[in-house]
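Note sheet for the following structure.
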Amino acid sequence: MDITEIPVTTIKGEVTSLSKFDSPVKLIVNVASRCGLAPQYEKLEALQKQYGDRGFTVLGFPSNQFLQELGSEDKIEEYCSTTWGVTFPMFERIKVNGRNEHPLYSELKKTADADGKAGKVSWNFEKFLITADGTVHRFRPRTEPDAPQIVELIEASLPA
């Protein structure tokens, strides 16, 4: 299944798909405003600013799966823009695990991390980097967005 064709809903309520985002390199992250890892928003936004003009985008998918997200899309959007200056696309709250998980995450979770483990999203801020050739790379929550292994993959996938 081509994950870029799976329907997703923006934080403003528009149904779209990842194929509508021209960027060939995408970093998909399940985010949560009240998580201890929320300062990663700053590094996600820095990556967006640094590489956005070259064909990269961060895509934020709020999730209350771990009971750390705000109660409405409006509150999430306001928090992200005023606290972290987020300009990258954000989507409606979704479930990343379990019976009602979003189909996008059903597909993403088939990808193994560096230790060879696929399956459930372990926590907020798990990252899935889709490189220009369509390969999905998985990074667990404590891997910072600007970690060398992520930056190297981004740079290798973008035009100079």
For this session: Mind listing whichever residues of the range 1-32 are among the hydroxyl-bearing types (S, T, Y) and surrounded by 20 or more Cβ atoms within 10 Å (Cβ to Cβ)?
Result: S23
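Let's see how each residue does on (1) within 20 Å of K12 (Cα to Cα); (2) at pLDDT below 95; (3) over 12 Å from the mean Cα position of the chain (by Cα):
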residue	(1), (2), (3)
S63	yes, no, no
F66	no, no, yes
E69	yes, no, yes
K75	yes, no, yes
E107	no, no, yes
Exercise. Right, R138: under 16 Å from the mean Cα position of the chain (by Cα), over 19 Å from I3 (Cβ atoms) and among the charged types (D, E, K, R) or not?
Worked result: no
Seminar exercise, completed: The condition of being at pLDDT 95 or above, under 13 Å from the mean Cα position of the chain (by Cα), of a type in the set (D, E, K, R) and closer than 20 Å to L153 by Cα holds, among K26, K49, only for K26
Seminar exercise, completed: Considering residues that are buried (at least 20 other Cβ atoms within 10 Å of the Cβ) and touching a residue at least 60 places away in the same chain (Cβ under 8 Å), the number found within the range 59-76 is 2
For this session: Given the conditions (1) surrounded by 14 or more Cβ atoms within 10 Å (Cβ to Cβ); (2) within 16 Å of V25 (Cβ to Cβ); (3) of a type in the set (A, V, I, L, M); (4) out of contact with any Ser or Thr (no Cβ under 9 Å at 6 or more places or on another chain), report the number of the one that A160 does not fulfil.
Result: (1)
Problem set entry | Of all residues in the range 81-105 being within 14 Å of the chain's Cα centre (by Cα) and among the basic types (K, R), the one that is farthest from D2 (Cα to Cα) | R93
Exercise. What number of residues in the range 95-109 are buried (at least 18 other Cβ atoms within 10 Å of the Cβ) and in contact (Cβ under 8 Å) with a residue 40 or more places away in the chain?
Worked result: 5
For this session: Can you tell me which residue within the range 130-150, out of those that are without any contact (Cβ under 8 Å) to a residue 60 or more places away in the chain and polar (S, T, N, Q), is nearest to K26 (Cα to Cα)?
Result: T135
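The values are calculated or read from the model by the stated rules, or taken from the named source; none is laboratory data. Bear in mind that the values here come from a model prediction, so they are computed numbers and not experimental data. Ideal geometry is used to build each Cβ from the backbone, glycine not excepted, and the neighbour counts take in all protein chains shown.
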